[in-house]
Amino acid sequence: MKVTYSVPFVHGKERPRFGGNVHTSGKTEHNEAQIAYAYKGASIREHGKVVSAPAHVPVTLTIRCTMPAPKRRPAWCPRLLWDVLNGIPFVRKPDFDNIAKEHTDALNSVAWHDDAQVTEAHIYKDPQVRGGKESASVTVEWEEH
């Protein structure tokens, strides 16, 4: 079984906040709700209903992130190279593990029973392209039994 969805942002899960009680930030909660909504919509489009991996079935997660290149030339990039370069390595925040954590937590009880079922993950941070759009394209796969 395979479900592919996309969200128009690339964010990583923020650290928990400590203010008397430990809680998740509002921004992270909002992003996780958008991820779950996008998964449900894609699942219904592709399979006619919301599908999820049964408990104890291994799941493969693939996330491909794209970000636009900065409008201004980075200080480390020579002007001549900037003029011909159209694919700046995406070597800044968010970290790939925080991106994966936000998606896996958002899909708990939606795409799978628990994120412990994710046995394989591929997170790609594609080179930044001038004029590109920020997005994360995600594929969730598991074997049907």
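Being of a type in the set (Asp, Glu), open to solvent by less than 60 Å² (accessible area, probe 1.4 Å) and in contact with a strand residue (DSSP E or B) (Cβ under 6 Å, 6 or more places away or on another chain) is the filter here, so list the residues in segment 96-145 that pass it.
Step one: list which residues in segment 96-145 are of a type in the set (Asp, Glu), which gives 97, 102, 105, 114-115, 120, 126, 134, 141, 143-144.
Filter once more, so that each one left must be open to solvent by less than 60 Å² (accessible area, probe 1.4 Å): 102, 105, 115, 126.
Asp115, Asp126, listed by residue number.
Would you confirm whether any residue within segment 83-95 is in contact with a Pro (Cβ under 7 Å, 6 or more places away or on another chain) and closer than 20 Å to Tyr5 by Cα?
From segment 83-95, those in contact with a Pro (Cβ under 7 Å, 6 or more places away or on another chain) are 87-90; that's our starting set.
So of that shortlist, the ones also closer than 20 Å to Tyr5 by Cα come out as none.
The answer is no; no qualifying residue exists.
Given (1) of a type outside the set (Val, Ile, Thr); (2) within 16 Å of the chain's Cα centre (by Cα); (3) at pLDDT below 75, identify the lone condition not met by Trp76.
(2)
Under 7 Å by Cβ, and 6 or more places apart or on different chains, what pairs join a residue from segment 48-67 that is in contact (Cβ under 8 Å) with a residue 12 or more places away in the chain and farther than 16 Å from Ile35 by Cβ with one that is part of a strand (DSSP E or B) and open to solvent by 40 Å² or more (accessible area, probe 1.4 Å)?
Final answer for the pair search is Pro58/Thr119; Thr60/Glu120; Thr60/Glu141.
Any residue that is assigned to a loop (DSSP other than H, G, I, E, B) and in contact with a Phe, Trp or Tyr (Cβ under 8 Å, 6 or more places away or on another chain) - is there at least one of those in segment 118-132?
Residues of segment 118-132 that are assigned to a loop (DSSP other than H, G, I, E, B), as a first pass: 126-127, 130-132.
Now drop any that are not in contact with a Phe, Trp or Tyr (Cβ under 8 Å, 6 or more places away or on another chain), which leaves 126-127.
Yes, some residue in segment 118-132 is assigned to a loop (DSSP other than H, G, I, E, B) and in contact with a Phe, Trp or Tyr (Cβ under 8 Å, 6 or more places away or on another chain).
The values are calculated or read from the model by the stated rules, or taken from the named source; none is laboratory data. Because the structure is a prediction, the values reported are computed rather than measured. In this analysis, Cβ positions are derived from the backbone assuming ideal geometry, glycine residues included, and neighbour counts consider all displayed protein chains. Note: areas computed on protein heavy atoms with side chains; ligands, DNA, RNA excluded. Shrake-Rupley method; radii C 1.70, N 1.55, O 1.52, S 1.80 Å.
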